[in-house]
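Visitor: So that we are looking at the same thing, I have put the structure below in structure tokens.
The values are calculated or read from the model by the stated rules, or taken from the named source; none is laboratory data. This is a predicted model, so every value here is computed, not measured. Here the Cβ is made from the backbone with ideal geometry for all residues, glycine too, and neighbour counts use every protein chain on show. Each accessible area value is taken on the protein alone, full model and side chains, heavy atoms only, with ligands, DNA and RNA left out. Shrake-Rupley method; radii C 1.70, N 1.55, O 1.52, S 1.80 Å.
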Amino acid sequence: QVQLVESGGGLVQSGGSLRLSCTASGSVSTIYAMAWYRQRPGKQRELVAALTRTGRTNYAGAVKGRFTISRDNAKNTVYLQMNSLKPEDTAVYYCNARRGSFDSWGQGTQVTVSS
């Protein structure tokens, strides 16, 4: 099993930046990819950014060029650097770890961007 703990959410003004962190514990060697998802008010959960074990990244079109996913293997931590934040980025952000066909999720962290 894999446990995920997120941190770094908060309130920021439009145009500001935040960095989210997600630390994994447990069977971390079995993780193939880690990702950030978000769920905006009244919307379904959506992929924001993903990073595979081999270093391949994938970004949602709405965040490309503004958000960056990265990792620190020594700390078993993945980050989401969010720049030029917009009010429409307001959401609960969830960390995800994929192991084969299994998904593990963090508890979520709230990001609120004021206009």
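Visitor: State all residues of segment 71-93 that are among the polar types (S, T, N, Q), more than 16 Å from T109 (Cα to Cα) and touching a Phe, Trp or Tyr at 6+ places or on another chain (Cβ under 8 Å); if no residue qualifies, say none.
Guide: Correct list: N83 only.
Visitor: Could you list, in sequence order, all residues of segment 32-48 that are of a type in the set (A, V, I, L, M) and either buried (at least 21 other Cβ atoms within 10 Å of the Cβ) or in a helix (DSSP H, G or I) (or both)?
Guide: M34, A35, V48
Visitor: Any residue at all in segment 5-25 that is open to solvent by 30 Å² or more (accessible area, probe 1.4 Å), on the phi < 0 side of the Ramachandran plot and out of contact with any strand residue (DSSP E or B) (no Cβ under 7 Å at 6 or more places or on another chain)?
Guide: no
Visitor: What are the residues in segment 49-85 that are over 14 Å from S21 (Cα atoms) and surrounded by 15 or more Cβ atoms within 10 Å (Cβ to Cβ), if any?
Guide: The answer is Y59, A60, V63, R66, L85.
Visitor: Let me ask something else about it. Across segment 77-115, what is the total count of residues that are part of a loop (DSSP other than H, G, I, E, B), more than 15 Å from R38 (Cα to Cα) and touching a residue at least 40 places away in the same chain (Cβ under 8 Å)?
Guide: Counting residues in segment 77-115 that are part of a loop (DSSP other than H, G, I, E, B), more than 15 Å from R38 (Cα to Cα) and touching a residue at least 40 places away in the same chain (Cβ under 8 Å) gives 4.
Visitor: I've got another one for you. Those residues that are charged (D, E, K, R) and either open to solvent by 30 Å² or more (accessible area, probe 1.4 Å) or more than 13 Å from the chain's Cα centre (by Cα) (or both), I need them from segment 88-102; list them, please.
Guide: Across segment 88-102, the qualifying residues are E88, R98, R99.
Visitor: Next up: Please identify the pairs in which a residue from segment 1-16 that is over 17 Å from E88 (Cβ atoms) has its Cβ atom under 9 Å from the Cβ atom of a residue that is part of a loop (DSSP other than H, G, I, E, B) and open to solvent by 80 Å² or more (accessible area, probe 1.4 Å), counting only partners at least 6 apart or on another chain.
Guide: Close Cβ pairs (under 9 Å, with a partner that is part of a loop (DSSP other than H, G, I, E, B) and open to solvent by 80 Å² or more (accessible area, probe 1.4 Å)) amount to L4/Q107; V5/Q107; E6/Q107.
Visitor: For segment 1-33, which positions are of a type in the set (A, V, I, L, M, F, W, C) and either closer than 14 Å to F67 by Cα or touching a Lys or Arg at 6+ places or on another chain (Cβ under 7 Å) (or both)?
Guide: Listed by number, the residues that qualify are V2, L18, L20, I31, A33.
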